[in-house]
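Following: one structure in structure tokens, then a few remarks.
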Amino acid sequence: MINDVDESLRVLIRRDALNGSNVEIAFDAPSKDWAARQNTPTVNLYLYDVREDLERRRVQYEDVKETVGEREIIVDRRLPPRKFKLSYLVTAWTQRPEDEHRLLSAILSCFIRSDALPSDILQGTLAEVRPPRTQPEPVRVTVALPPPQDRSISDVWTALGGELKASLDLVVTAPFDTRRTIEVGPIVTEEPRIGIGPLGAESETFSKKRRSGAPQPEQVPEEDDAEIVRFGKDHSGRSLRVRRLSRP
């Protein structure tokens, strides 16, 4: 997922911010050694933090349906993707500070146009459509917002061993598929049938006797030896009947 976000950002910046200019895009850590080796204009997107967005976590499984004939049936249940925040330190590297500011301005303009990355530049798994959705998951993006209290941009520069430089804090919230599913039982193709007979242990003993050929309990006599008593109807409208011996 992370590499797909990298490639999506590369495509978007090259298309909407650089406008075909001869500027490289890098994802290296902007340390002193790296900066000393740069001799061409470069936009650097350094991924310095990855954490889950707990406010967007969903734990309810989603039904995956398929159309069979004229009806829809549930064929699977899938846990929605988790959302992860990828924080990038965006910097521009040229020979003149004015050119760097111009590049940062173009990048800022590129990302404030929408709160999500355009679907036509999404790469790899980000562009996939996973049921029950009919389009890719939105990839949210924010830029130049104040960082959380537990993280400071100056701390990032200190860790890199470099000098503080004008930069943009770009945060991309991307979905990550957990691949967790629940199997669904087979489709019911017959109407339920309800029988009345011996219960519990009596039912098991009765079945064994029938299979072994042992003498069965006294059968209900034919209709000429019994009185047919009719009363009521069941839920399907059929009459209920009870045979009762007419002789003692």
- [ ] Among the residues of the range 117-132, count how many are surrounded by 14 or more Cβ atoms within 10 Å (Cβ to Cβ), under 19 Å from Arg10 (Cβ atoms) and either of a type outside the set (S, T, N, Q) or touching a Phe, Trp or Tyr at 6+ places or on another chain (Cβ under 8 Å) (or both).
- [x] 6
TODO: Considering each residue of the range 145-172, count those that are of a type outside the set (Ser, Thr, Tyr) and in a helix (DSSP H, G or I), and give that number.
DONE: 6
Task: Where Asp155 falls short, out of the listed (1) surrounded by 13 or more Cβ atoms within 10 Å (Cβ to Cβ); (2) at pLDDT 80 or above - done: (1)
TODO: Among residues belonging to the range 41-99 that are at pLDDT 90 or above and among the polar types (S, T, N, Q), point out the one that is farthest from Glu163 (Cα to Cα).
DONE: Ser87
Task: Scope the range 180-194; condition modelled with pLDDT under 70 and in a loop (DSSP other than H, G, I, E, B); matching residues - done: Arg180, Val184, Gly185, Pro186, Ile187, Val188, Thr189
Open item on the list: Please verify whether Thr67 is free of Cβ contacts under 8 Å to residues at least 40 places away in the same chain, in contact with a strand residue (DSSP E or B) (Cβ under 7 Å, 6 or more places away or on another chain) and hydroxyl-bearing (Ser, Thr, Tyr), treating the condition exactly as stated.
Closed with: no
Task: Number of positions in the range 1-23 that are in contact with a strand residue (DSSP E or B) (Cβ under 7 Å, 6 or more places away or on another chain) and farther than 19 Å from Leu108 by Cβ - done: 2
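Results for (1) closer than 25 Å to Asp155 by Cα; (2) surrounded by fewer than 18 Cβ atoms within 10 Å (Cβ to Cβ); (3) among the polar types (S, T, N, Q), shown as yes or no for each residue.
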{"site": "Val5", "(1), (2), (3)": "yes, no, no"}
{"site": "Arg15", "(1), (2), (3)": "no, yes, no"}
{"site": "Arg37", "(1), (2), (3)": "yes, yes, no"}
{"site": "Glu55", "(1), (2), (3)": "no, yes, no"}
{"site": "Val59", "(1), (2), (3)": "no, yes, no"}
{"site": "Asp76", "(1), (2), (3)": "no, yes, no"}
{"site": "Glu100", "(1), (2), (3)": "yes, no, no"}
Open item on the list: Cβ-Cβ under 9 Å, sequence separation 6+ or interchain: first residue in the range 149-177 and touching a residue at least 60 places away in the same chain (Cβ under 8 Å) and under 15 Å from Arg51 (Cβ atoms), partner acidic (Asp, Glu) and buried (at least 19 other Cβ atoms within 10 Å of the Cβ). Which pairs?
Closed with: Ala174/Glu137; Pro175/Glu137
Open item on the list: What are the pairs with Cβ atoms under 8 angstrom where one residue, in the range 19-31, is touching a residue at least 60 places away in the same chain (Cβ under 8 Å) and under 17 Å from Leu45 (Cα atoms) and the other, located anywhere, is of a type in the set (A, V, I, L, M) and loosely packed, with under 14 Cβ neighbours inside 10 Å? Sequence gap at least six, or different chains.
Closed with: none
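Residue under question is Gln135, and the condition is that it be part of a loop (DSSP other than H, G, I, E, B), touching a Ser or Thr at 6+ places or on another chain (Cβ under 9 Å) and either hydrophobic (A, V, I, L, M, F, W, C) or more than 14 Å from Leu9 (Cβ to Cβ) (or both); does it hold?
Yes.
The values are calculated or read from the model by the stated rules, or taken from the named source; none is laboratory data. Just so it is clear, the structure is predicted and the values come from calculations on it, not from any experiment. Cβ coordinates were reconstructed from backbone atoms using ideal geometry, including for glycine residues, and neighbour counts include every protein chain displayed.
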